[in-house]
Amino acid sequence: MSREIKFRIWDKKTKRWSKNFNVNLLNVNDFNIVSINQYTGLKDIAGDEIYEGDIVRDVSDGIIGQIEYSDGGFIIIYDDIMEKLNSDESAYLEVIGNIYENSKLLGEEVQI
């Protein structure tokens, strides 16, 4: 099964996400880019797309973590614990924010 390849860009200047762009034609001068985040190919319990940089809550125990890309795959980092992100795991996750707009959800503000 293949997954859909999509990206989003956090534009620091406008403080908005942009998803409507062609990566091949992207002119970085058009954006004050902080980060380009890749879609994991998975959706959360509410059907929302999960991207790297998202902050998620495990609905079964309430623990909060962050989605990152590492070693060729996506992981969830809960404090000092790392778990591989897969479709079984994503069924229990809820996207509650992202590190650019809601970094305080992780307990400390992420510097961007």
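The values are calculated or read from the model by the stated rules, or taken from the named source; none is laboratory data. Since we're looking at a predicted model, the values are computed, not measured. Every residue, glycine among them, receives a Cβ derived from its backbone with ideal geometry; neighbour counts consider all protein chains shown. Note: accessible area is taken over every heavy atom of the protein model, side chains too, but ligands, DNA and RNA are not part of it. Shrake-Rupley method; radii C 1.70, N 1.55, O 1.52, S 1.80 Å.
Got a sec? What order do I75, I81, I55, I63 fall in by accessible area at 1.4 Å, biggest, i.e. largest, first? If you can, show how the numbers build up before the last one.
Working: I75 25, I81 90, I55 0, I63 60 Å².
Descending accessible area places them as I81, I63, I75, I55.
Computed on protein heavy atoms with a 1.4 Å probe, the accessible areas place F74, F7 in the order F7, F74, largest first. In terms of overall dimensions, the range 53-101 has a Cα radius of gyration and Dmax of 10.0, 27 angstrom.
Extension gain for the segment E101 to E4, taken as residue separation times 0.36 nm less the Cα-Cα distance, is 32.5 nm to one decimal. Taking a point 7 Å out from the Cα of W17 in the direction of its Cβ, the residues of the range 55-83 whose backbone N falls within less than 11 Å of it are 55. Net charge dipole, the range 46-112: roughly 80 debye, given to the nearest 20, about the Cα centre with Cβ charges of +1 for Lys and Arg and -1 for Asp and Glu.
Determine which lysines satisfy two conditions relative to K84: a Cα distance under 22 Å, and not lying fewer than 8 residues away in the same chain. Answer for K84, where 22 Å is the Cα cut-off: K6, K43, listed by chain and number.
Spin-label model, I81 to D48: label points 7 Å out along the Cα-to-beta-carbon direction sit 2.2 nm apart. Straight-line cross-link partners of K19 among the aspartates and glutamates, defined as a Cα under 20 Å from its Cα and at least 8 positions apart when in the same chain: E4, D11, D30, D44, D48, E49, E52, D54, E68, E101.
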